[in-house]
Structure formats: C-alpha cells, structure tokens
Amino acid sequence: MRKFVMAALGGTLAGAVLTTQVAGPLVAQEADTGGSVYEQLDLFGDIFERIRGQYVEQVDEGKLIEAAINGMLTSLDPHSSYLPPDAFDDMRVQTRGEFGGLGIEVTQEEGFVKVVSPIDGTPAFEAGIQAGDFITHVDGESVLGLTLDQAVDKMRGPVGSEIVITVAREGTDEPFDVSIIRDTIKLTAARGRLEGTTVVLRVTTFNDQTYDNMADSLKTAIEEAGGIDKINGLVLDLRNNPGGLLTQAIEVSDAFLDKGEIVSTRGRNPQDSERFNAEPGDLVQGKPMVVLINGGSASASEIVTGALQDHRRAIVVGTKSFGKGSVQTVIPLRGEGAMRLTTARYYTPSGRSIQALGISPDIVVEQPQPKPEESAEAEGSAASRSRSEADLRGAISNDSMTEDERRMLEEEQKKAEDAAKLRVEDYQLAYAIDILKGLSAIAAAE
C-alpha cells in the first residue's frame with residue numbers, strides 16, 4: 001500500500017546531499033552553539049547504552065537506531081520519514097504502478113491515520129472508504145500512538161487475507177468497522193471515455209505510467225468521437241487523486257499548455273529553487289477544459305489544477321483540495337535504506353502556495369451523498385414519467401415532422417435521459433459536462 005507521502009522529486013543524491021545538507025550544517029551549528037550538538041549526541045549515546053544494558057528485555061539494537069532516526073524525521077512534519085530497505089523497495093515498486101495492499105492513500109493527523117483518498121477499483125474503494133475518514137483501529141488494536149509507518153505495517157498482509165479497520169467519519173455518530181480483503185493493487189493511472197461529445201479523462205495517480213496512459217486514452221476517445229472537431233471539450237477528473245511524481249504532474253500540465261510556468265519549488269536555500277515551464281503543444285488543441293477536484297485531490301494533482309487554473313486554461317469545479325504543497329526528496333542511504341525529507345514547497349504560476357490551503361475551485365459543487373437505490377431509480381426515471389402535451393388524451397399529432405426530424409427528436413430525448421441518469425450517478429461530473437455544453441453553444445453562436 002502506498003502512503004500519501006509519495007516521493008515527489010526522487011533521485012540519487014545520497015553522497016552529495018548528505019555531505020552538503022547534513023554534515024555542513026552540523027559543523028556550522030556546532031560552531032555557533034559552542035559544542036551543544038555534540039553534547040546532545042553524547043546524551044543520545046548514554047541513553048542508548050542504558051537501554052541496551054538495563055531494559056527489562058533484550059532489545060534489537062538495529063531497530064532502536066531505526067526508531068531513533070525515524071523519530072527525528074517524523075518530528076519535522078508528517079511527510080518526512082526513514083525508509084528501511086524493504087519500505088524503500090516497496091516505494092520504488094509503487095511508483096511503477098503495481099503493489100499489494102488495500103488501495104488507500106493515507107497521512108497522519110492527531111495521532112490517527114487519515115485517509116487522503118481511496119484508489120479507484122481497489123478493495124478499499126469497493127468497501128466504501130472515503131477521503132477524510134479516520135482509521136482508529138486495525139483488527140481491534142488502536143493505532144493511536146503509532147507512527148504512520150507502524151500503522152501502515154499493521155494494514156499490510158498477504159493478498160487474500162482479511163483485515164477489519166475501524167473508521168470514524170464526519171457526520172457519523174459512532175465509529176464503525178469495515179472488513180476488507182487485501183489484494184494486489186494494479187493501477188491504471190489514467191482512463192478515458194466519451195460522454196456524448198465530451199471526453200472524460202480520469203487520472204487516479206501520478207506514477208511512471210500516468211502521462212502515457214492519459215495520452216493514449218485521450219487519443220482513443222478522440223478517434224471514437226470521429227476527430228478533435230467532433231468533441232466539445234475535456235473534463236480532467238482529478239478527484240481522490242493523492243498525487244505522486246512531480247515529473248508526471250509537469251508532463252500532464254504541459255500536455256494542455258502552450259507556454260508559461262507550470263510550477264516552481266522553493267527550498268530553504270535560494271539556489272535550490274526550481275521553475276518548470278510549459279513547451280508548445282496542446283493535446284486537445286485549445287478545446288475548453290473543466291478540472292474536477294475534491295478533498296482527496298492532493299500534491300501532484302494540485303500542481304496540475306493550479307497550473308491550469310492560473311493560466312485560465314480550465315474551469316475548476318468541485319470542492320477545495322487537500323492542501324499538500326511540500327516536496328519530498330528521497331535520499332538513498334548506506335545499508336540500502338533511504339530517507340524521505342521535505343526539502344521545498346510548491347508554488348503555482350501566480351505564486352500561490354498550496355501548502356495547508358489547497359486549491360479553491362472556481363465553481364464550488366458538492367457531491368450529494370449516495371441515495372438509496374429505490375430513490376435513485378425513481379429520480380432517474382423522473383424525466384420519462386413527466387407528462388407533456390403528447391400524453392394528453394386526444395392530443396392532435398404533429399403532421400409537419402419528417403421521419404428524420406422524428407429520429408433526431410428521439411435521439412435528443414435519449415441524450416436528455418442519459419444526462420438525467422448521470423446527474424444521479426455523478427452530479428459533479430454532470431455539472432462539468434453541462435459547463436462544456438454551454439461553452440460550446442456560445443462558441444457556435446459567435
């Protein structure tokens with residue numbers, strides 16, 4: 001299972017970074033504080049020896065050191081941590097798009113595990129886990145007091161095994177248990193489809209496959225529509241997308257921008273700041289765009305949204321995004337492990353920091369809670385039940401309508417019924433498609 005704190009910049013910076021970013025500042029600080037850093041290190045050594053020699057049970061010295069390192073990193077922020085060799089291997093597998101687990105992206109808040117988003121089509125998604133849920137217990141054992149890595153370890157297990165997680169959800173009076181069967185998570189990073197004359201691109205994560213999946217899906221949908229001139233626009237669905245690789249976020253943004261800044265990163269030292277710009281080329285040739293976001297849209301998905309919003313390339317619809325605007329650099333260490341260290345913040349082209357603020361949509365549209373099946377079916381069929389002139393007893397017929405006109409009318413009625421059904425199934429998406437229909441109608445009238 002991939003945690004929300006996915007590597008953003010990655011890299012093989014071990015030697016240079018450790019020498020310049022760790023050893024240099026340590027020496028400088030030691031000079032400024034009159035040796036207090038080394039005094040603290042001596043204190044650490046004394047405590048370590050006491051634990052090793054006097055603790056009531058035999059201790060694993062390696063695990064003690066790992067815990068100390070991880071404690072130092074996790075005290076900085078929720079996204080910095082130590083990756084032992086097995087966790088480092090898992091992370092590299094996850095960025096390739098296939099891994100074992102429940103299929104949820106998580107972070108830690110107030111001591112509990114908070115769900116950033118469930119991943120489409122995974123066991124957690126099918127079990128009804130939602131963005132913003134708090135996981136308080138795993139198989140009856142509280143996660144309070146555990147580090148995020150420890151809590152995640154408890155949720156890992158063999159494929160096909162059952163896990164029971166206790167969930168606290170806003171608007172629900174009491175926590176409740178959810179049983180999930182662990183499975184191998186195979187991510188299709190992007191999928192495309194046609195809704196009428198609108199292309200809908202659903203991007204679920206930013207891994208090594210994202211841009212290629214998206215470009216291929218977009219090409220297929222456009223061909224299915226009969227060419228770029230036959231579509232009225234594109235909906236880029238980034239809801240519940242927890243982010244991932246910065247490089248992929250830049251490529252996806254660049255796919256729809258011809259020029260200008262995409263994102264900038266600013267670190268502690270000005271020389272570490274970077275700026276990424278778009279290159280000419282737009283995969284949809286300037287067609288109108290709507291981006292869908294919600295509280296589960298984080299990190300890389302916020303970068304894409306911010307870039308398209310600031311350049312007025314897309315209308316952003318939905319609810320405010322998660323607000324993870326920090327960059328984590330993965331630094332390989334001796335012994336095959338690594339540390340994930342927050343090294344910079346993201347800024348949108350207009351200079352906005354995403355951190356703890358998120359992206360506010362241009363049009364706020366809440367997604368209604370799912371209704372009971374009978375109620376949804378009743379609402380979906382409302383259009384077909386409404387009465388009109390043609391339903392009245394003895395109504396005269398329209399003798400001026402040709403067969404072609406009658407066929408066109410029936411097609412329009414079918415489209416209206418499909419639109420009504422979509423509003424029940426996914427109100428936010430239906431709203432986005434309606435925006436593109438309106439923009440298309442205005443463009444046709446000009």
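Things worth noting here:
- Hits in the range 282-313 (condition: open to solvent by 10 Å² or more (accessible area, probe 1.4 Å) and either in contact (Cβ under 8 Å) with a residue 40 or more places away in the chain or not in a loop (DSSP other than H, G, I, E, B) (or both)): L283, Q285, K287, P288, N294, G295, Q309, D310, H311, R313
- With respect to (1) without any contact (Cβ under 8 Å) to a residue 24 or more places away in the chain; (2) crowded, with 16+ Cβ neighbours inside 10 Å, the lone exception for D86 is condition (2).
- With respect to the conditions (1) within 20 Å of K324 (Cα to Cα); (2) not in a strand (DSSP E or B), T265 lacks only one, and its number is (2).
- Only one entry of V116, V106, V138 meets the criterion of being closer than 30 Å to Q367 by Cα, touching a helix residue (DSSP H, G or I) at 6+ places or on another chain (Cβ under 6 Å) and of a type outside the set (K, R), and that entry is V138.
- Test: residue in the range 331-354 that is of a type outside the set (F, W, Y), modelled with pLDDT under 95 and more than 30 Å from P270 (Cα to Cα): yes
- Residue count for the range 404-446, restricted to those that are touching a helix residue (DSSP H, G or I) at 6+ places or on another chain (Cβ under 6 Å) and modelled with pLDDT of 90 or more: 1
- Comparison of V317, V364 shows that the only residue that is of a type in the set (A, V, I, L, M, F, W, C), open to solvent by 40 Å² or more (accessible area, probe 1.4 Å) and at pLDDT 95 or above is V364.
- Those residues of the range 410-439 which are of a type in the set (G, A, S) and either under 20 Å from L234 (Cβ atoms) or in contact with a Lys or Arg (Cβ under 9 Å, 6 or more places away or on another chain) (or both), in sequence order: A419, A430, A432, G438
- The strands (runs of 3 or more DSSP E) located wholly in the range 95-180 that include 2 or more residues which are under 21 Å from N294 (Cα atoms) occupy 104-109, 112-118, 134-138, 162-168.
- Unique residue being under 23 Å from the mean Cα position of the chain (by Cα) and open to solvent by less than 10 Å² (accessible area, probe 1.4 Å) when the list is T265, T247, T188: T265
The values are calculated or read from the model by the stated rules, or taken from the named source; none is laboratory data. Everything numeric here is computed off the predicted structure, so don't read it as measured data. All Cβ positions, glycine included, derive from the backbone under ideal geometry; neighbour counts span all protein chains shown. Surface accessibility is based on the protein's heavy atoms, side chains included, excluding ligands, DNA and RNA. Shrake-Rupley method; radii C 1.70, N 1.55, O 1.52, S 1.80 Å.
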